[in-house]
Amino acid sequence: MNLRIAITIYLSFFLIHNSFSQTGSVKGRVTELITNNPIPFANVFLTNSTFSAVTDTNGYYSINGIPAGIYNITCSFIGYNNQSRFEIQVSTVKASIVDFIMEENRTTLNEVQIFVSPFNKTEESPLSLKTIGSAEIYRNPGGNRDISKVIQTLPGVGSTVSFRNDIIVRGGAPNENRFYIDGIEVPNINHFATQGSSGGPVGLINVNFIREVDFYSGAFPANRGNAVSSIMEFKQINGNEEKLSGTAMLGSSDLGITLEGPINKNSNFIFSARRSYLQFLFKALGLPFLPTYNDVQLKQTIKFKNNSKLTIIGLGAIDDFELNEDANDGITDNKTIEKNNYILGYLPVNKQWNYTIGANYVNFSKHGFTTLVLSRNHLNNKASKFLNNTNLSSDKILDYSSAEIENKFRVENTFFKDTWKLNYGLGYENATYTTSTFRKIEFNGLPVTEDYSSKLPMNKMTLFIQVGNKFLNERLIASAGIRTDFNDYSDNMKNPLNQISPRMSLSYSLTEKLFLNFNSGRYFQLPAYTVLGYRNNLNELTNKNNNVKYIQCDHIISGLEFNPTATSKITVEGFYKKYKNYPFLIKDSISLANLGGDFGVIGNEPANSTSEGQSYGIEFFAQQKLSSSYYGIVSYTFFRSEFRDKNGNYRPSSWDNRHILNITVGKKIKNNWEAGLKFRLLGGAPYTAYNVPLSAQKEIWDITNQGVFDWNRLNEERYPLSHALDIRIDKKWFYKKASINIYLDIQNIYNFQTEGQPFLNVEKDSAGNSITDPDNSSAYKTYLIENKNGNILPSIGVMVEF
């Protein structure tokens with residue numbers, strides 16, 4: 001039975017027992033920002049409709065009899081700024097829960113502004129802040145429900161041309177980003193993460209949990225640190241408070257289930273589990289590697305009688321990456337066989353697992369609220385590689401295991417007085433990094449064996465304060481903050497004065513719809529544990545002796561924001577980032593800022609803090625939220641990203657794409673159809689050519705099985721420009737006890753072939769033995785394998801809500 005017939009029968013069953021005229025409801029509570037007290041008699045209404053409700057004395061509201069579909073919802077109350085929630089899915093299966101936290105307009109009544117921007121904007125971050133709702137993640141063409149791929153449509157966000165989820169913000173490396181879920185830091189949001197960096201091929205976070213995501217590409221608030229390029233705040237929904245419900249998902253690469261419901265009248269939960277079957281598809285296609293991933297996610301919300309609340313989250317993953325040594329069985333194409341053999345020659349077997357658990361407690365008072373956050377995260381990473389994949393101990397090239405464990409505590413208080421807002425707090429973290437490393441590498445043209453174990457305990461502290469106020473009848477909004485991070489790794493890092501991190505933001509309302517915004521700040525980030533915990537064969541902390549410091553980055557950002565309507569936004573921003581004290585890798589004589597867009601481990605080698613760089617550019621962004629039936633985003637960035645080489649000269653960094661263009665448009669069609677397309681254009685990034693004579697040396701090739709880069713020619717080459725068009729079509733059916741969403745997503749619909757750096761390989765005879773260069777008996781005979789990628793990738797998925 002083919003898929004079309006199966007879907008037809010399945011839908012026909014529901015048509016017999018249900019009708020299309022089912023309706024749903026929207027429920028929620030309206031509370032006050034400072035005290036969390038309920039706001040009675042507030043107006044809640046669906047935009048451009050007659051559906052509305054008024055909150056009761058406890059702040060609750062309910063709007064019933066709404067035809068299933070997508071709606072924008074607004075809450076208003078005299079003396080408070082209006083709030084809107086965009087693209088809320090109303091379903092027949094369960095009530096859509098939409099809570100509003102209202103902020104008092106602290107000017108006099110006759111000075112209340114009529115227009116309030118519906119887009120997130122704070123005193124601390126009046127610019128470089130974009131918010132993405134769950135509906136935008138769901139329907140993003142080519143996004144496959146993966147938040148990292150959706151973030152790449154925003155201005156200033158680049159990516160690698162491979163199938164990874166690296167987030168490259170305003171020319172910064174992938175390791176310069178930090179992630180928070182409901183205020184709790186999560187070190188990694190991807191499967192098969194690169195240790196010492198971030199990113200991976202598949203996202204870890206279940207979009208069913210997400211209400212919205214705040215993405216900061218600058219203007220970081222003082223209570224968020226250890227990042228120099230971006231911060232992402234994931235805000236999750238609460239579980240269903242009325243009954244047990246769920247969603248089953250069958251996609252092109254995995255299947256999963258989400259369950260949610262009440263625990264008691266004051267507590268609810270949401271839980272999900274997912275399992276991939278991508279490994280079976282890869283094996284059937286004859287690919288040389290077989291990835292398998294599993295993940296679970298949990299959230300529990302508890303409300304207390306004293307007007308406080310507790311949020312508990314959990315997130316975990318188990319990832320296995322195995323080699324498919326039978327990849328060439330049945331394959332006759334010589335180019336495919338050569339490419340498969342090359343990949344099998346250098347890829348290690350990798351096993352990785354990680355988890356984060358945490359609790360966020362918020363206690364409200366008359367003039368503000370106090371937040372307590374406690375969490376623990378653990379990453380375990382293992383990799384091994386043998387010559388010719390023999391698994392013989394005498395042929396061992398790599399045997400690596402490592403763990404990163406962090407226990408974190410943060411307390412902060414947010415206080416309001418008239419038009420003033422004050423946030424201050426402190427944090428403590430106990431961390432342990434361990435590794436056992438055996439590897440054979442090339443160093444200064446010679447084969448070298450590293451064999452060491454390392455254990456690095458660390459204690460970290462954070463202090464921060466930020467104050468903001470509104471002046472000139474709220475036409476001018478100003479905020480200033482300061483932060484310091486310090487730890488006991490070294491004398492330099494122990495001194496909090498060495499990491500003083502000031503920042504300032506200004507926003508002036510030229511008209512009620514046009515704003516002039518500015519931010520300047522100095523931010524610090526601790527180098528990766530792979531750098532800090534590296535030891536030589538004498539068991540010395542090499543990089544501690546080299547006086548490695550915190551990475552420093554100074555930002556200056558300015559721009560204009562225009563809100564033509566309540567559902568549209570246009571911004572233009574210019575930015576400049578100046579890097580200092582970046583780890584400079586002594587072995588290769590390059591900045592660590594050029595690495596992180598590939599699998600494996602980076603930073604575990606001798607380094608010092610002498611690297612400097614800069615990134616600067618201009619961004620354009622236009623967004624139309626769903627208002628009637630259309631929505632869309634257009635973003636364009638022109639920028640330069642440069643770091644100094646070993647001679648002190650600026651060279652383009654590995655992320656210097658220069659041009660990034662994204663166009664995403666979509667339309668809601670009658671009878672719950674929806675269609676969208678996404679076009680992405682990425683300028684060619686620089687890359688470094690191979691040192692072919694060195695790579696061909698037998699003693700070098702036998703331990704690397706791939707080309708060795710010629711760092712004297714750092715990023716002198718450049719990939720050609722790449723582009724792709726993705727489309728997506730969704731169809732929804734709503735029934736009394738279930739809803740169904742079937743989608744067709746086609747990536748790279750015109751089959752554009754991206755051109756990567758050619759693979760350097762050695763010639764082999766019919767028995768698989770490497771052929772000696774007839775002109776050099778100590779070297780193998782080499783050649784290049786064309787590296788082009790790009791296929792039409794259609795996928796179909798089914799989501800059933802029950």
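Quick notes on this structure:
- In plain terms, the chain from Ser393 to His659 could stretch by 91.0 nm, reckoned as 0.36 nm per residue minus the Cα-Cα distance.
- Qualifying aspartates and glutamates (Cα of each under 16 Å from Cα of Lys265; at least 8 residues distant if same chain): Glu241, Glu242
- Dipole axis of the stretch 637-764 (+1 Lys, Arg; -1 Asp, Glu on Cβ), positive-most option in Phe639, Ile663, Ile703: Ile663
- Pairwise FRET efficiency - Tyr346 versus Lys382, Cβ, R0 = 22 Å, nearest 0.05: 0.80
- Accessible area per residue, Å², the chain with all protein chains present, probe 1.4 Å: 41 Å²
- C-alpha center-to-center spacing [the stretch 574-629, the stretch 641-682] in angstrom: 15 Å
- Carbon + sulfur, % of accessible area of the stretch 541-643 - ligands and nucleic acids excluded, 1.4 Å: 60 percent
- Percent carbon-and-sulfur accessible area, the stretch 431-533, ignoring ligands, DNA and RNA, probe 1.4 Å: 62 percent
- Cross-linked pairs Lys309/Lys417; Lys149/Lys731; Lys235/Lys494: Cα-Cα separations exceed 28 Å for Lys235/Lys494.
- With a threshold of 25 Å on the Cα-Cα distance, the over-threshold entries among Lys130/Lys732; Lys421/Lys577; Lys94/Lys668; Lys667/Lys732; Lys421/Lys625; Lys668/Lys736 are Lys130/Lys732; Lys421/Lys577; Lys421/Lys625.
- These residues, Lys417, Lys460, go from largest to smallest accessible area, 1.4 Å probe, as Lys417, Lys460.
- Note on Ile101 and Asp598: the extension gain reaches 174.8 nm, defined as 0.36 nm multiplied by sequence separation minus the Cα-Cα distance.
- The stretch 238-264 and the stretch 312-380: distance between their alpha carbon centers, rounded to Å: 22 Å
- Size of electric dipole in the stretch 356-485: Cβ of Lys, Arg +1 and of Asp, Glu -1, about Cα centre, debye, nearest 20: 460 debye
- In a reduced charge model with +1 at each Lys and Arg Cβ and -1 at each Asp and Glu Cβ, the chain shows a dipole moment near 2140 debye about its Cα centre.
- Length gained when the stretch Phe41-Lys781 is fully extended (0.36 nm per residue, less Cα-Cα span): 258.3 nm
- Distance from the stretch 495-532 to the stretch 146-191 (C-alpha centre basis), Å: 19 Å
- Computed helical MRE - 222 nm, the chain, DSSP H runs ≥ 4 contributing -39500 (n - 2.57), nearest 500: -2000 deg cm²/dmol
- The lysines whose alpha-carbon is closer than 19 Å to the alpha-carbon of Lys283, local same-chain residues fewer than 8 away aside, are Lys335, Lys339, Lys351.
- Sites Phe620 and Asn334, calculated FRET efficiency, Cβ-Cβ separation with R0 30 Å, nearest 0.05: 0.05
- Just the protein heavy atoms count here, and of the accessible area of the stretch 213-347 at 1.4 Å, carbon and sulfur take up 58 percent.
- Proximal lysines relative to Lys646, as straight alpha-carbon distance under 17 Å, when same-chain residues fewer than 8 apart are discounted: Lys580, Lys587
- Measuring r between the beta carbons of Asn647 and Lys670 and using R0 = 56 Å, the FRET efficiency lands at 0.30.
The values are calculated or read from the model by the stated rules, or taken from the named source; none is laboratory data. Predicted model only: the values in this text are computed from it and were never measured. Cβ sites come from the backbone with ideal geometry, for glycine too, and all protein chains shown count toward neighbours. Note: accessible area is taken over every heavy atom of the protein model, side chains too, but ligands, DNA and RNA are not part of it. Shrake-Rupley method; radii C 1.70, N 1.55, O 1.52, S 1.80 Å.
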